[in-house]
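Below is one structure, written out as structure tokens; comments come after it.
The values are calculated or read from the model by the stated rules, or taken from the named source; none is laboratory data. Note that this is a predicted model, so its numbers are computed, not measured. With ideal geometry, Cβ positions are generated from the backbone for all residues, glycine too; neighbour counts draw on all protein chains shown.
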Amino acid sequence: MSKPPDFNRQATLMQSERGFKSEIIAAIPLTAKEKLFHIRICDPCERENFTFLPGQFVMVELPGCGEIPISISSSTSNKEFFALCIRNVGKVTGMLHRLKTGAIVGIRGPFGTHFPMEKMMGYNVLLIAGGLGIAPLRAPIYWANNHRSDYKDITILYGTKEPEEILFGYQFEEWRTIYNLNILTIVQKADKRWLGRKGIISDLFGDIHIEPDNTFAIVCGPPVMFKSVCTHLSTLGLPRQRMFVSLERRMHCGMGKCCRCNVGSTFTCLDGPVFDYWTVMNLKEAI
């Protein structure tokens with residue numbers, strides 16, 4: 001007998017509707033605007049059962065203040081805590097930045113689709129990030145390291161406006177030497193201390209060799225960069241179905257009920273945030 005239809009994905013969302021009382025166990029300043037929060041679910045059983053996949057997000061709640069969606073930025077194998085990189089840009093994020101270690105927050109999730117890391121096994125993987133877009137890429141980076149023998153070459157291209165906006169720079173040498181990843185960085189506005197490349201992120205394509213028939217790409221960052229980067233990859237011969245992007249839309253409930261994140265008939269919180277670029281191209285007003 002075939003399974004009954006899962007209208008509105010209720011089976012999938014049943015667990016996600018639950019809230020987890022959680023504690024901030026670390027709040028690490030990264031730049032003038034970003035902090036990395038280590039979040040631990042208080043209940044040991046709930047903490048052990050909490051799982052996510054690279055690319056998914058959670059809803060972070062501050063009672064009486066509001067709730068925001070944040071991509072998970074840590075290893076899927078870490079059962080002690082998960083990490084959220086949060087930029088101070090509004091009411092809720094501003095309040096979060098003022099919280100100290102030991103503060104309690106509410107967590108719902110995980111929500112959304114994920115990067116198809118298993119489908120990428122046996123291929124080269126190209127990870128392209130702009131600005132804060134490096135945060136959701138940490139999960140697939142950790143995943144690739146935990147399954148390093150299943151992937152061929154892994155290359156990270158990362159660009160920011162200015163050197164002081166670079167995130168997780170302290171990990172780059174570890175990723176190169178221990179994780180065996182190739183990392184190239186670039187900034188748009190360089191100061192006298194910057195010794196690296198200056199320009200836009202697509203300028204880095206000239207420094208790498210891409211095998212179109214043997215490569216998957218993940219692109220994270222401001223939506224304005226998707227079109228230029230993915231178009232450039234397409235001219236190099238990489239199929240659009242093997243490019244994956246994570247859309248940043250205004251999500252409120254995470255369950256497709258509030259309709260704030262819909263693009264036509266598509267709900268970013270349910271059908272995304274991860275899409276292949278071919279799908280995004282055909283979603284009006286997606287980028």
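Within the stretch 55-67, residues that are over 14 Å from F37 (Cα atoms) sit with their Cβ atoms under 8 Å from residues that are aromatic (F, W, Y) and outside any strand (DSSP E or B), at 6+ positions apart or across chains, in these pairs: G55/F115.
Selection of first residues in the stretch 97-108 that are among the polar types (S, T, N, Q) and of second residues that are buried (at least 16 other Cβ atoms within 10 Å of the Cβ) and modelled with pLDDT of 95 or more, restricted to Cβ pairs under 7 Å at least 6 apart or on distinct chains, gives the following pairs, ordered by first then second residue: T101/I24; T101/A27. How about the stretch 109-158: which of its residues are within 14 Å of T215 (Cβ to Cβ) and among the small types (G, A, S)? Residues satisfying the conditions are G122, A144.
Taking the conditions exactly as written (outside any helix (DSSP H, G or I), under 24 Å from L36 (Cα atoms) and not aliphatic (A, V, I, L, M)), does Y170 satisfy them or not?
Answer is no for this residue.
Scanning the stretch 118-166 for residues that are assigned to a strand (DSSP E or B) and crowded, with 21+ Cβ neighbours inside 10 Å turns up V125, L126, L127, I128, A129, G130, I154, I156, L157, Y158, G159, T160.
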